């Protein structure tokens with residue numbers, strides 16, 4: 001068997017996998033019961049936020065010692081990917097608002113905003129100027 005046949009077989013296999021993964025998208029057979037209108041957040045999003053909060057706190061504690069802060073005491077506000085804020089004229093994708101509100105337009109900025117919250121809670125300063133090395137080590 002030569003290398004061309006191996007490549008051809010590999011690409012055929014990839015093509016078949018791609019087709020199979022797309023065949024169920026949007027079919028009535030895969031639909032569940034009709035939901036009432038509104039915004040719903042999958043429970044895995046809450047688990048992600050809570051787990052990432054805990055991991056960020058552990059990282060901070062490894063760097064600075066014991067820190068106070070609980071996921072259950074914050075308010076998470078889901079925002080558009082870029083939203084108006086006082087810090088940047090072009091908008092923000094995340095923003096910490098004292099004392100316990102974290103606005104999140106992208107889950108990629110979640111840990112960053114958690115750091116602001118935990119710094120504020122434990123030092124009284126959320127470090128809006130991002131001087132803390134935690135913004136590099138714990139994100």
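No value in this document is a laboratory result; all are computed from the given coordinates. Predicted, not measured: the structure shown is a model, and the values here were computed from it. Cβ placement follows ideal geometry from the backbone for every residue including glycine, while neighbour counts extend to all protein chains displayed.
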Next on the checklist: Quick check on my filter: what residues within region 99-139 are free of Cβ contacts under 8 Å to residues at least 40 places away in the same chain, more than 17 Å from residue 67 (Cβ to Cβ) and outside any helix (DSSP H, G or I)?
Outcome noted: 101, 103, 104, 105, 106, 129, 130, 131
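Is one or more of the residues making up region 60-68 part of a strand (DSSP E or B) and either within 17 Å of residue 125 (Cα to Cα) or touching a helix residue (DSSP H, G or I) at 6+ places or on another chain (Cβ under 7 Å) (or both)?
No, the conditions are met nowhere in region 60-68.
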Checklist entry - When you look at residue 87, is it surrounded by 15 or more Cβ atoms within 10 Å (Cβ to Cβ), outside any strand (DSSP E or B) and touching a residue at least 12 places away in the same chain (Cβ under 8 Å), yes or no? => result no
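State all residues of region 60-84 that are touching a residue at least 60 places away in the same chain (Cβ under 8 Å) and surrounded by fewer than 19 Cβ atoms within 10 Å (Cβ to Cβ); if no residue qualifies, say none.
63, 64
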